[in-house]
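Okay, structure first, notes after.
What follows is calculated from the coordinates using simple rules that are stated; it is not laboratory data. It should be emphasised that the depicted structure is a prediction, and the values quoted were computed from it without experimental measurement. Reconstructed Cβ throughout: ideal geometry from the backbone, glycine too, with neighbour counts over all protein chains shown.
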Amino acid sequence: MIKALELRELCAGFPTPKGFLPVLDRLSFSVERGEWVSVVGPSGCGKTTLLRICAGLLKPHSGSVQVFGKPPRGQAAYMPQGDSLLPWRTALGNILAAREADGRLEPEAKKEALALLADFGLAEFAQSFPNELSGGMRQRVALLRTFFARRDLLLLDEPLGALDALTRAELQDWLLGVWQRFQKTVIFVTHDVEEAVILSNRVLVLTPRPARLAALFPVDLPRPRERSDPRVQGKREAILGALASSRVP
Amino acid sequence: MKGKTEILWALLVVAVLLGLWELCVHLLQLPPYVLPPPSRIFLAFARDFPLLLHHALVTLAEVGLGLGIGVFLGVGVAVLAFYVRPVGRALTPFLVGSQVIPVFAVAPLFVLWFGFGIWPKVAVAAMIVFFPVAVNFLDGLRSFGPELVEFFQALGTPEHRIFRMVRVPGALPFFFSGLRLGATLALVGATVGEWVGASRGLGYFMIQANARLRLDRVFAAILVLVLLGLGLFWVVGLGERLLLRRR
C-alpha cells in the first residue's frame, strides 16, 4: 500500500553566515491515505520547513520524501501561512485558480466551484474580492481553493493561526465538514494543541530546533469531538506534557 | 456627483484666470508679441487648426512610437532583471541612477546620431518612457511576498503560467504608474527633440512661430500640447481601468 506521505531520515537546514543551521534532524514518519495528521511543536522549530519540503518547494539536505510514492513537487496542494489569495480575483476566481494552475479550465469547473462555495456557506461571497472579506472568510476561501486543487494530499500551514478564538472554533468545525466530504489526506501545522486533538487522527510532536520526532499520539475518538470531553482534555494534557519534556535536553 | 462638481470648479477657475489675463493685456496695453490675450490665442488656434493638426499628428506619432518601443524595452529589461539575478543586481543601481539623467540634454546628441527625421524624437520619447516603466514594473514583480506564488509552485505550475496568472497581474498597478509618468513626459521629450532640429511637429511649429514673434501661435501650440497630454493621460487611465477593473 502506497503511503500518502513518507519521510525517511529527513535532514534539512539553511546555510547562514555562521555556518550550516540544522532545522530538521532525521525525521521519519509516514501518513496513510485519508488521514489527518497534525504537527505541533515549539514556534520556530521547523514546522513550516517540513511542510515546504513536503510541497517540493525546498530540497532536503539528506533523506527522502515521497508523496504517493513520487517526488513531492506538484503532488500536493500547499496552503502557505498568511494571506495567499490573489487580491485581484474574486473568491470564485481564486478557487478556480487552483484548476487553472494545471492548464486549461474544464467547462464544468465553474459550476463545481460555485456549488462548493454554496455547500460551505460562501455562496453570497462568490463575487467578493479578498479585501472585502473578513479574515475568517478569507481563510475559508483559501482552504476551499486548496481542497479544489486536484491533489490528494493537502499541506496546511497554520490556516487558523491568525484568527480570534471564536472564529477559530467555528472554522475548525467547518473545516472538518469540508474534509469529511473530500476524504483527502491532510498534514496540518498548528500551535494549538487542543485544535490538533479535535481535528486529527494523529498528532505529531516535534522537539525544538533542530526538530526531531518527540512523540506521536493517535487520537481514536469519534468525530465531532467536544472540547469539554475529558478524553480530549486528557490527550491535550498528554501532548502538552510531551512538548514540555521535549524542551529539556 | 463629486467628479462633475470638480470639473465644474476647474472650468470656473480656468475661465476666471483667462478673464484676468485678457483684462491685464488690455489694461496694460501689452503688445501681442510680448503677451497675446487669450482671445487672440483662440483665434490663432481656430485659424491655424489644420496646420496645428498636421504638426500634432507628427508629434503624436513620435510619442506613440516612443511609447511602444519604451514599454517593450522597459518590460523586457524588467523581466530579464527579475529572472536573471546577476542581470538584476547589475542593472538595479543603473536603473535607479538613470532617473537623474537629464534626458532633454541628450536630445541634441540624438539629433546628431539619428538625423533630422522622426527617429531622434522617437528615441528621446522611448528613453523617457523606458526608465519609469522598467523601474516600476521591476518593483511590481518584486512587490509581493512568496506566499502568493508558493501555492502555485507547490502544485507544479510551470513558471510561464505563474508569470501570467500571478506576477503580471500583481505588477500591473506599478506598471501603470510608470507608464502614466512616462507617457506625459514623452510628449515633452518629443517636443524638445523637435526644438533641437526638425522640419515637422509641434516643437518645430513653436520654434518657427517664436522666431516670427507670433506668440499667439506659440500659445496655440501649447494648448494643443496640453490637449494631447490630457488625451494620453486619459488613454493610459482607460487602459488601467480596463485591465484592473477592481482591486
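Using alpha-carbon positions, what is the distance between the centroids of region B:82-125 and region B:172-227, in Å? The two parts, judged by their Cα centres, are 19 Å apart. Looking at chain A alone, DSSP beta bridges between its own residues are antiparallel in about 55 percent of cases. Karplus-derived 3J(HN,Hα) values for region B:174-189, using 6.51 cos²θ - 1.76 cosθ + 1.60 with θ = phi - 60°, are 5, 4, 5, 5, x, 5, 4, 4, x, 4, 6, 5, 4, 4, 4, x Hz; glycine and proline are entered as x.
Computed from phi, the 3J(HN,Hα) profile of region B:7-12 under the Karplus parametrisation 6.51, -1.76, 1.60 (θ = phi - 60°) reads 5, 4, 4, 4, 4, 4 Hz, with x in place of Gly and Pro.
Taking B:Ala107, B:Ala211, B:Ala198 as the candidate residues, the one with maximal mean-square fluctuation in a Gaussian network model of chain B, Cα springs under 10 Å, is B:Ala211. Straight-distance candidates among the aspartates and glutamates for linking to A:Lys110, with alpha-carbon spacing under 18 Å and chain neighbours fewer than 8 residues away dropped: A:Glu100, A:Asp102, A:Asp119, A:Glu124. Anyone know which of B:Gly229, B:Gly145, B:Gly203 comes out most mobile in the 10 Å Cα GNM of chain B? Comparing B:Gly229, B:Gly145, B:Gly203 in a Gaussian network model of chain B, the most mobile one is B:Gly145.
In chain A, the longest principal axis of the Cα atoms and the axis of helix A:135-148 are about 90 degrees apart. Between the beta carbons of A:His191 and A:Ile2, assuming R0 = 30 Å, the FRET efficiency works out to 0.45 to the nearest 0.05. Candidate cross-link partners of A:Lys3 among the lysines, defined by an alpha-carbon separation under 19 Å and a same-chain spacing of 8 or more, comprise A:Lys70, A:Lys184. Computed extension length for B:Trp113-B:Val226: 37.8 nm, one decimal, from 0.36 nm per residue of separation with the Cα-Cα distance subtracted. Counting neighbouring beta carbons within 10 Å and listing from fewest to most, the residues B:Met127, A:Met1, A:Met137 come out as A:Met1, A:Met137, B:Met127. Region A:69-104 and region A:144-204 have their alpha-carbon centroids 16 Å apart.
Given the -39500 (n - 2.57) contribution per DSSP H run of 4+ residues, what per-residue ellipticity at 222 nm results for the protein assembly as shown, rounded to the nearest 500 deg cm²/dmol?
Using -39500 (n - 2.57) per qualifying helix, the result is -19000 deg cm²/dmol.
Placing dummy labels 7 Å off each Cα toward the beta-carbon, the span from B:His160 to A:Arg33 is 3.4 nm.
Below 8 Å between Cα atoms, with a sequence gap of 6+, how large is the relative contact order for region A:85-150 in percent? Please report the intermediate quantities before stating the final value.
Details: 68 pairs, mean separation 34.0, N = 66.
Normalised by residue count, the contact order of region A:85-150 is 52 percent.
For the options B:Thr59, B:Thr191, B:Thr92, a Gaussian network treatment of chain B with springs between C-alpha atoms closer than 10 Å singles out B:Thr92 as fluctuating the most.
Full extension of the segment from B:Leu57 to B:Arg212, taken as 0.36 nm per residue of separation minus the current Cα-Cα distance, would add 53.5 nm. For a straight C-alpha distance cut-off of 18 angstrom, the lysines reachable from A:Lys47 (same-chain residues fewer than eight places away being disregarded) are A:Lys59.
If you take every DSSP beta bridge whose two residues both sit in the protein assembly as shown, what share of them, in percent to the nearest 5, is antiparallel?
Numbers: 20 of 38 bridges.
The antiparallel proportion sits near 55 percent.
Taking the number of other C-beta atoms within 10 Å as the exposure measure, put A:Ile187, B:Ile41 in order starting with the fewest. Numbers along the way, then the final one.
Details: A:Ile187 26, B:Ile41 23.
The order, fewest Cβ neighbours first, is B:Ile41, A:Ile187.
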